[in-house]
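First up is the structure itself, then whatever we jot down about it.
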Amino acid sequence: MVGEDLVVAASGPILDAAGMKALGAALAITITGLASAWAEKEIGTAAIGAMAENEGLFGKGLILTVIPETIVIFGLVASLLINSA
Amino acid sequence: MSRPKVMTRAVIVGHKSILKQTIEALYDTNLFHIEDFVEDESGFKIDKPFENAEDVSKKLVKIRSIASYLGIASNEPVVQKSGTVLRELDSKLDELDRGISDKTELIIQLENELKDLDSQKKELLPFLSINLDFDYFRGYESINVFAGTIKGSLEESQVSSITKAFELYVDPQSKSIVLFVAKNDADRVYELIQGLGFRELRVPERGGVPSETLRLIEQKEAEVGKKIESTKAGIDSMKSKYADFILASDEVLSIESEKAELPLKIATSANAFIIDGWTPSEDYDTVVSAVNSATAGKAYISKLEIEEEEEERVPVEYNNSAVVEPMQQIMDLYSRPKYTEIDPSSVLLLTFPLIYGMILGDIGYAIILGVLALAVKKAVKSEAVQPLMNILIYCQISTFIFGILYGEFMGFSLASLHTAHGTIPGLIPGWETITLFPGLSGEHVTFPVHRTHMIMTMIGATVTVGLLHLNLGFLLGFSNIARHHGFMHGLLEKGSWIIIEIGVLIAAVGILGGNSILTYVGAAVFVIAVLMLLKGEGIQGVVELPSLMGNALSYSRIIAVGLSSIYIASTVNDIAFEMIWPDHSQIGFAAIAAIIVFILGHGLNTVLSIIAPGLHALRLQYVEFFGKFYSGGGIIYNPFGYIRKYTEE
């Protein structure tokens, strides 16, 4: 039974159109997520350093740290657009 | 859209003989922000502190070090008369100082004693099971005593093969031995035990049987321990006895020291002084009458006109009602507004909770977080926590309203929804979703709004909210600029952005409706607006054009973060309900585990529900909204004075 299923799966295309779409959407959000994380890591470290010197910089540090978040939001919008198209 | 309080610059001039009275009067009003004097060529100098300054700061250091030693934290204030505190200060401070140093010395001494006893005990332990009186270990002429530990085991036969004149005691557990041997054979015996890894132990100097001595030492240890406890309790009782005095005298001394050091901040000559500073205009008369009555009219006070270049230096005090006041925390976290700017706190009162509510939009979480915020507000009276809890409560009101609009309760949908794949039941039986009108990309706008089923429409809606928010920012920016540089400047710098959007809108309608005239009109409006922007802000403004789209799209996080919260909640619900009804027929014993999953999962999501929507709503204000009009960086109004908590005049 299990073997039969495998044969059926192997005979068709590995990725059909829906699969490609899903993969595209997944990549859009994964890569932008990684990019945001990378950027925020750098800024966050610097912001913590600045806060150690002067606690009053918390507000500014917070804003600077969340700025790259926009990248992943755009990724999310792109992946939703791919999915609904 | 209030503005900061209108300030008046005032200068107080007088003879040095009335300086003290003037300072007292200003301090009591707590309404005068003193501008630090910077020495220049005018011939005026800053003065020396009053003669009591050194004494006061010495006492202050002492009282603070005592306070930190005792670990005194601010508590419910017991108000005392400052005169009484000052009068009793010297004697009480001495008493306190002496008491504490006596007690700490005693503790150190007792702790040393305890260490000593402990090392005596350690010396004793190897001899415990042999239990020979230590006096037997010494004082012989013809006998050698070996007391120590060995690695292997020592049998009597091994010794008896060397000599008959011996007496051996072995404790097999601690491997300690005591061996009495005739002096003549001692060397050979020593060789034998050295082969077994013999290491000599120090024999305690005091005599007595080890077990008896141990009992005495332990008794003594207990006594010393008790003494330490009672001394520490004495310090604790001193802490509770003097806590109010310490807090009150810290306050009184801080006040005295601030007053005594004021001459360091003002301009003085040999006989005169000048105090330069700011006061809210509404309080100017109060300050004048306070100074006049304190100095019998001998001080001369005059208002100065605020020159335009001085506006940067005017200290800024908010001018908001009690409802708006909590939002000032959000403003101060970013930066105090400038004196010449609009203070957007009252706008934030509307927009911040609105965006927060749009993101979270869940009746269940609104109730949980609302009750939590009310409880914390009731329990913690701290001035730092109160405004934050108020903001959280504002946000939960908005979340509750959006929760009804979305029909969501802890991730469950309240109303049933008919879709192409069948009907999804809601939590409230009989509440059916009403389809209102078609939305974007084949979706339908419904009431309640099912966010998970109309994602594209919600992205469109949130970006529209964003555009409205951004344009509100442009309008505020226009108002800021128009007030100071005239209508034309405002129109060119900020109004042009709005006209650009109108142009794009007209062109879009033209393209979508197939009306080419409208498209050209839109394009023309767009070009004119870009030229206006070029004139208003220069090339920088034009380069910034694409950021408008980025800013607007950034608001799609409202739906994005909202969806993530829904999915976490509904996943928790799915797991929990799957566990309770494995085959949808009977309640299994997994129900308990299901309840735990339900509580932990929603607990986690509740915490996330403060952080994620809060941070994103905050960011949309700070980055997107403030970027359009706000510069900040005003000087914080910090009047010379003190709000007494523990003392009164």
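The values are calculated or read from the model by the stated rules, or taken from the named source; none is laboratory data. Note that the coordinates shown come from a computational prediction; the quantities given were computed from them, not determined experimentally. Here the Cβ positions follow ideal geometry from the backbone for every residue, glycine too, while neighbour counts run over all protein chains shown.
The residues of the stretch B:299-337 that are more than 18 Å from B:G633 (Cβ to Cβ), modelled with pLDDT of 90 or more and not in a loop (DSSP other than H, G, I, E, B), listed by number, are B:Y300, B:I301, B:S302, B:K303, B:M327. Filtering the stretch A:76-85 to residues that are buried (at least 20 other Cβ atoms within 10 Å of the Cβ) and of a type outside the set (A, V, I, L, M) leaves only A:S79. Scanning the stretch B:616-649 for residues that are of a type in the set (A, V, I, L, M, F, W, C), within 14 Å of another protein chain (Cβ to nearest Cβ) and buried (at least 16 other Cβ atoms within 10 Å of the Cβ) turns up B:A617, B:L618, B:L620, B:V623, B:F625, B:F626, B:I635.
Of all residues in the stretch B:99-125, exactly one satisfies the criterion of being within 36 Å of the chain's Cα centre (by Cα) and basic (K, R), namely B:K103. Here the stretch B:236-256 is the region considered, the condition is being of a type outside the set (S, T, N, Q) and surrounded by fewer than 17 Cβ atoms within 10 Å (Cβ to Cβ), and the residue that is modelled with the highest pLDDT is B:D236.
Listed here are the residues, each with its yes/no results for (1) among the small types (G, A, S); (2) over 20 Å from B:A366 (Cα atoms); (3) surrounded by 14 or more Cβ atoms within 10 Å (Cβ to Cβ); (4) away from chain A (no Cβ under 14 Å).
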{"residue": "B:G403", "(1), (2), (3), (4)": "yes, no, yes, yes"}
{"residue": "B:T433", "(1), (2), (3), (4)": "no, yes, yes, yes"}
{"residue": "B:S441", "(1), (2), (3), (4)": "yes, yes, yes, no"}
{"residue": "B:M454", "(1), (2), (3), (4)": "no, yes, yes, no"}
{"residue": "B:G460", "(1), (2), (3), (4)": "yes, yes, yes, no"}
{"residue": "B:G486", "(1), (2), (3), (4)": "yes, yes, no, yes"}
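The single condition among (1) at pLDDT below 95; (2) surrounded by fewer than 14 Cβ atoms within 10 Å (Cβ to Cβ); (3) farther than 18 Å from B:R619 by Cα that A:I29 does not satisfy is (2).
Go through the residues of the stretch B:594-603 one by one and say whether even a single one is on the phi > 0 side of the Ramachandran plot, surrounded by 15 or more Cβ atoms within 10 Å (Cβ to Cβ) and not aromatic (F, W, Y). For the stretch B:594-603, residues on the phi > 0 side of the Ramachandran plot, surrounded by 15 or more Cβ atoms within 10 Å (Cβ to Cβ) and not aromatic (F, W, Y): absent. Among the residues making up the stretch B:385-443, those that are among the charged types (D, E, K, R) and either closer than 25 Å to B:I568 by Cβ or in contact (Cβ under 8 Å) with a residue 40 or more places away in the chain (or both) are B:E408, B:E443. Being modelled with pLDDT of 90 or more, farther than 30 Å from A:L64 by Cα and not in a loop (DSSP other than H, G, I, E, B) is the requirement here; does B:F625 meet it? No: the conditions fail for B:F625.
In the stretch B:25-54, the residue that is nearest to B:D90 (Cα to Cα) out of those that are within 34 Å of the chain's Cα centre (by Cα) and of a type in the set (D, E, K, R) is B:E54.
Of all the listed residues (B:V209, B:V189), the sole one being under 15 Å from B:D133 (Cα atoms), of a type in the set (A, V, I, L, M) and touching a residue at least 40 places away in the same chain (Cβ under 8 Å) is B:V209. Criterion applied to B:L427, B:L436, B:L440 was being in contact with a strand residue (DSSP E or B) (Cβ under 7 Å, 6 or more places away or on another chain), aliphatic (A, V, I, L, M) and not in a strand (DSSP E or B), and the one residue passing it is B:L427.
Is it true that B:T464 is more than 14 Å from every other protein chain (Cβ to nearest Cβ), under 30 Å from B:A420 (Cα atoms), in a helix (DSSP H, G or I) and of a type in the set (S, T, Y)? Considered against the rule, which asks whether it is more than 14 Å from every other protein chain (Cβ to nearest Cβ), under 30 Å from B:A420 (Cα atoms), in a helix (DSSP H, G or I) and of a type in the set (S, T, Y), B:T464 comes out as yes.
Only one of the numbered conditions (1) away from chain A (no Cβ under 14 Å); (2) within 44 Å of the chain's Cα centre (by Cα); (3) more than 28 Å from B:E493 (Cβ to Cβ); (4) modelled with pLDDT of 90 or more is not met by B:I559, and that is (1). Looking only at the stretch B:172-202, count every residue that is assigned to a helix (DSSP H, G or I), of a type in the set (G, A, S) and surrounded by 15 or more Cβ atoms within 10 Å (Cβ to Cβ) and tell me the total. Counting residues in the stretch B:172-202 that are assigned to a helix (DSSP H, G or I), of a type in the set (G, A, S) and surrounded by 15 or more Cβ atoms within 10 Å (Cβ to Cβ) gives 1. In this structure, does B:K115 turn out to be exposed (fewer than 15 other Cβ atoms within 10 Å of the Cβ), without any contact (Cβ under 8 Å) to a residue 60 or more places away in the chain, part of a helix (DSSP H, G or I) and not aromatic (F, W, Y)? The answer is yes for B:K115.
Screening A:I63, A:I43, A:I73, A:I67 for residues that are surrounded by 13 or more Cβ atoms within 10 Å (Cβ to Cβ), among the β-branched types (V, I, T) and more than 10 Å from chain B (Cβ to nearest Cβ) leaves exactly one candidate, A:I43.
With respect to B:I235, determine if the residue is of a type in the set (A, V, I, L, M), over 57 Å from the mean Cα position of the chain (by Cα) and assigned to a helix (DSSP H, G or I). Here the answer is no, as B:I235 does not meet what is asked. Summed over the stretch B:505-545, the residues that are among the small types (G, A, S) and touching a residue at least 40 places away in the same chain (Cβ under 8 Å) give a count of 2.
Considering the stretch B:503-534 alone, what residues qualify as being under 20 Å from B:L491 (Cα atoms) and surrounded by fewer than 14 Cβ atoms within 10 Å (Cβ to Cβ)? If the condition is that a residue be under 20 Å from B:L491 (Cα atoms) and surrounded by fewer than 14 Cβ atoms within 10 Å (Cβ to Cβ), then B:A524, B:V527, B:L531 are the ones that fit.
Kindly evaluate B:E205 against the criterion of being among the charged types (D, E, K, R) and either at pLDDT 85 or above or part of a helix (DSSP H, G or I) (or both). In short, no. The residues listed here are B:V78, B:V61; of these, the one that is surrounded by fewer than 14 Cβ atoms within 10 Å (Cβ to Cβ), among the hydrophobic types (A, V, I, L, M, F, W, C) and outside any helix (DSSP H, G or I) is B:V78.
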